[in-house]
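**Q** Structure below; questions to follow.
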Amino acid sequence: MQLQALIFDVDGTLADTERDGHRVAFNAAFREYGLDWEWDVALYGQLLAVTGGKERMKYYVESFRPDYTPPADFNDMVVALHRAKTRHYTDMLQQGGIPLRPGVRRLIQEARDAGLRLAIATTTTPENVTALLKYSLASDAENWFEVIAAGDIVPAKKPAPDIYTWALEQLQLPAEACFAFEDSENGIRSSVGAGLKTLVTINDYTLDHDFSGAAAVVSDMGETDAAPQVLSGSLHGEPYVNLAAVRAWHAAK
């Protein structure tokens, strides 16, 4: 079936948002609320095993802070903390602190020029998505994406396939007409579970993940002057991840 749409994960895929973005914003929110929680780089890597910011905070308390006694309104506190974290994260984006990963802007523009439809499928909040698109891609970039499937729009987050299934339903396309981009084991389990062929671009937190089922695994999408490292699969003779390579992965049996 002809390729009609590209579906992108956000955190770690479009930009390296986790270590120097979300983690820093979480810590700022904790300080704002007078908590002694501090997520360093190594700890945050462990916490990323859980998708969703609110879920991640609950997991942290359950698994790493036996000394902390949650208050009666703990669930409400987590929601408020997450709202504060999103505000801090958006402030960072407005200051230009989180650039896109290599090749992302180029590939998205190439897809737009070719008339392909674009979508997002992520566990992060809609506010985080739109802020990243606006401040790191273009002021009107939110309008480039026909579907933004984000946050709590489905109850089961990645690695469940639900967020991708929902995006496909909104696009009114079968999985066979689309191609996905991910960066983590939970992500590719989600996309492949929804029937999507998927390219993985790794990052510092996902180097040792299991990417079974990926069409290819690369260091990044690459630029005209910087070819990506290919860890699994092939670029099909292309110098970097461009639309020709994506079409070849999509068409492969």
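**Q** Could you compute how much accessible surface H236 exposes when probed at 1.4 Å, giving the result in Å² to the nearest 10?
**A** 90
**Q** Something else: Report the Stokes-Einstein translational diffusion coefficient (µm² s⁻¹, integer) for region 133-253, Rh taken as the Kirkwood radius over Cα pairs, at 25 °C with viscosity 0.890 mPa s.
**A** Here the translational diffusion coefficient equals 160 µm²/s.
**Q** So how far, in whole Å, is the C-alpha centre of region 204-230 from the one of region 120-171?
**A** Computed from Cα coordinates, the inter-centre distance equals 22 Å.
**Q** Restricting to DSSP H runs of at least four residues, report the calculated mean residue ellipticity at 222 nm for the chain, -39500 (n - 2.57) per run over all residues, nearest 500 deg cm²/dmol.
**A** Mean residue ellipticity, 222 nm, calculated: -11000 deg cm²/dmol.
**Q** Using only the alpha carbons of region 48-186, what is the convex hull's orientation-averaged projected area in square nanometres?
**A** Its average projected convex-hull area is 9.8 nm².
**Q** Hey, another quick one. Can you tell me which aspartates and glutamates have their Cα less than 15 Å from the Cα of K157? Leave out same-chain residues fewer than eight positions away.
**A** Cross-link targets: D9, D11, E55, E182, E185.
**Q** Can you compute the FRET efficiency between Q109 and L43 using 1/(1 + (r/R0)^6), with r the Cβ-Cβ distance and R0 = 35 Å? Round to the nearest 0.05.
**A** It comes to 0.40.
**Q** Can you give the longest stretch of the chain with no exposed loop site, where a site means chymotrypsin sites (Phe, Trp or Tyr not before Pro) in a DSSP loop (not H, G, I, E or B) with at most 16 other C-beta atoms within 10 Å?
**A** The longest uninterrupted stretch comes out as 69-253.
**Q** In whole percent, how big is the carbon plus sulfur part of the accessible area of region 27-156, probe 1.4 Å, protein atoms only?
**A** 49
**Q** What size of dipole, in debye to the nearest 20, comes out for region 163-229 about its Cα centre when the only charges are +1 on Lys and Arg C-beta atoms and -1 on Asp and Glu C-beta atoms?
**A** Once rounded to the nearest 20, the dipole reads 320 debye.
**Q** Mind giving me the nanometre distance, one decimal, between the label points for Q172 and S234, set 7 Å out from Cα along Cα→Cβ?
**A** 3.8
**Q** Compute the accessible area per residue over region 20-158, keeping the other protein chains in place, probe 1.4 Å, unit Å².
**A** Heavy-atom SASA per residue in region 20-158 reads 46 Å².
**Q** Using Cα springs under 10 Å in a Gaussian network model of the chain, which residue among L14, L196, L235 shows the largest mean-square fluctuation?
**A** Of the options given, L235 has the highest mean-square fluctuation.
**Q** Report, to the nearest 10°, how far helix 74-94 tilts away from the longest principal axis of the Cα atoms in the chain, using its own Cα long axis and a range of 0 to 90°.
**A** Orientation of helix 74-94: about 50 degrees from the principal axis.
**Q** In whole Å, what is the distance between the alpha-carbon centres of region 19-33 and region 86-112?
**A** If you average the Cα positions of each part, the centres end up 19 Å apart.
**Q** Grab the Cα-Cα distance for R65 and E127, subtract it from 0.36 nm times how many residues apart they are, and report the gain in nm with one decimal.
**A** 19.4 nm
**Q** Would region 191-253 count as rounded, prolate or oblate if I go by the C-alpha gyration tensor, calling it rounded below 1.5 in a/c and otherwise prolate when a/b exceeds b/c, oblate otherwise?
**A** oblate
**Q** I need the Debye-formula profile for the chain: one equal scatterer per C-alpha, no solvent, reported as log10 I(q)/I(0) at q = 0.08, 0.10 1/Å, two decimals.
**A** Once normalised to I(0) and log-transformed, intensities are -0.30, -0.47.
**Q** Further, regarding this structure: Rounded to the nearest 0.05, what FRET efficiency do A248 and Y33 have when you use their Cβ-Cβ distance and R0 = 45 Å?
**A** According to the calculation, E is roughly 0.35.
**Q** Averaged per residue, what accessible surface does region 165-253 expose to a 1.4 Å probe, in Å²?
**A** Normalised by residue count, the accessible surface of region 165-253 is 44 Å².
The values are calculated or read from the model by the stated rules, or taken from the named source; none is laboratory data. Worth saying up front: this structure is predicted, and the values here are computed from it rather than measured. Please note: Cβ atoms are built from the backbone with ideal geometry, for glycine as well, and neighbour counts cover all protein chains shown. SASA here: full protein model, heavy atoms, side chains in, ligands and nucleic acids out. Shrake-Rupley method; radii C 1.70, N 1.55, O 1.52, S 1.80 Å.
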